[in-house]
């Protein structure tokens, strides 16, 4: 036998962290925006300071020029160049003055002062280029021309230049100081933001862990499972490899959880998680999907035989009992395996197919692992079609019908009643077996409305039979129907509305139904008995072995299961069991009905053992209500003759 070559192993990617990169970029962008805003404010304030300082300098220069012009007016009038030069030289105490000159009325230079050698100082007022302006402010030099007047008569013009360097130095100092202050503020703000961001990041990481970790078991949760499986499928698709999914469901966990309490149930789930971690590989990812469901994602680097062994190893880890609340608890699991891309082309299909395989494992008896097969989907599709059609049938009342199998007194073969049996014929599905219909109804929650439909229809039909004599009709009920809080009220309403006396209705329950509803159903069954309704145990001997309910509940009849009747009278074990059941029933004052009677030898043996009522193909097959009523009329006519 050829073994498939191992495929390159791919690691299951961990759930991605939140988009921290984008978050960090947002933080950096915010800090930069704040810094840009502060810089804009500093520049705006510097610009305002520059304008204010320049205006102040211009105003001071005007005043200074006016004072100098007034003081030098006499020297200009008398053309005293020496005195004018001395007076202009006094401007050296003003560091901002670069030079000054006095021009006579003809615009010729009379006297001047320069802070340093300046061969280009204008010799005429025209050369100064003021062009009739009294002041001119450039970026580096401020120039002012002031008339020199005596008694209102212009004697000349005062012209001087001032440097703007001091203004810019002052502005530079203020700008740098503002930048330093803004920088310190930004540094402090950045430190606070980064510190708070670190706290937020830690909180985000904790939230991420909480969002991806199951609080009970510490494994990944459904959110982590979805992300890991999506990443694993994407990696397998890119690399041309395979991924397997093992879907695990604990068997009968709800019963254990209800028995020992939720705290014990959580403890058991933690033990299950630890056992799963002990048998899977480090590259495999375990997640709890909720309730008692787990999943294992594994890179498929093994052949099909090894994968089956892997699944059986998971199931095998449950063979040893668990210890919880001081007690030994036995829990098994059912597992289903599906692979990508062999069994499914996407994530949803993979999960659905693994789930389908898991439910097939449960249908096969639980405590096993089953590989997905394409034929399983056909069963799923049919089940969904049956569910949809059954809902429509209950709403519209079409396709569903009851057949009745007569019950005969063992002593004289007279007709004493009939058992109502469900039949369903659908235009597309054909004839759906009662067992299949009931199983689907149980799974999808339709068993209760279906049960009430059967009971109402049976009571309506039975009410029409009574003209030929009282005949009892037997109706089976499910565990969910018995557990319905309104069951007793609904039964009473049906009897009243359909006009059937209570003593002509017999309700059949299996031993399993009784044991599942012993405490809750005991009161209801006693009330039904008080109303006159007969109660029978169906398929006696095939369910729980406890007989306590026979003395605790007001039962009137036991029905021997057909599995004990079919081997009569030849099989010794069957004879022993039937004899014991008959003796037990009669000892408790109960009547006995044997079902599945198909041969005269079986009937004769049962009569000799003391059975009260016989039912089976030997006497009559289940028949539609019209045929049953016709036989009743024929029997009534024969008795009349």
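Coordinate-derived values only; no laboratory data. Here the structure is a predicted model, which is why all the values come from computation and not from measurement. Glycine gets a Cβ as well: all are built from the backbone with ideal geometry, and neighbour counts include every protein chain shown.
Laid out as a table, the results:
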read-out	value
Residue 184 versus residue 204: modelled label distance in nm, points set 7 Å from Cα along the beta carbon direction	3.2
Segment 1-212: translational diffusion in µm²/s, Stokes-Einstein, Kirkwood Rh over Cα pairs, 25 °C, 0.890 mPa s	107
C-alpha long axis of helix 572-587 to longest principal axis of the chain, angle in °	90
Inter-part distance where segment 91-114 and segment 24-73 are each reduced to a Cα centre, Å	29
With Cα atoms, 0 to 90° folded angle of helix 374-396 axis to the chain main axis	80
Distance between modelled label sites at residue 617 and residue 63, nm, 7 Å Cα→Cβ extension	13.0
Stretchable slack from residue 263 to residue 106, in nm (0.36 nm times residue separation minus alpha-carbon distance)	45.2 nm
Bridge type composition, segment 222-372 - antiparallel percent by DSSP, nearest 5	90
For segment 222-372, convex hull volume per residue from C-alpha positions, Å³	100
Whole-Å semi-axes of segment 129-266's equivalent ellipsoid (Cα gyration tensor)	87, 21, 12
Gyration tensor (Cα) of segment 94-185, equivalent ellipsoid semi-axes in angstrom	36, 14, 10
Which of 213, 309 has the fewest Cβ neighbours within 10 Å, and the rest in rising order	309, 213
Theoretical FRET efficiency, 1/(1+(r/R0)^6), r = Cβ-Cβ of residue 150 and residue 90, R0 25 Å, to 0.05	0.80
The chain, Cα convex hull volume normalised per residue, Å³	330
Order of 262, 426 under a 10 Å beta carbon neighbour criterion, fewest first	262, 426
Fewest-first sequence of 452, 50, 404 by Cβ atoms within 10 Å of each Cβ	50, 452, 404
Tilt relative to the chain, helix 347-363 - C-alpha long axis, 0 to 90 degrees, to 10	20
Evaluated at q = 0.20 Å⁻¹: base-10 log I(q)/I(0), Debye formula over Cα of segment 300-422	-1.09
Rg [Å, one decimal], Dmax [Å, integer] - segment 253-294, C-alpha atoms	11.5, 36
DSSP beta bridges in the chain [antiparallel fraction, %, rounded to 5]	70
The chain, relative contact order [Cα under 8 Å, separation at least 6], %	9
Along each principal axis, Cα extent of segment 406-504, largest first, Å	42, 32, 24
For peptides 235-245, 590-600, sequence by mean Cβ density within 10 Å, most packed first	590-600, 235-245
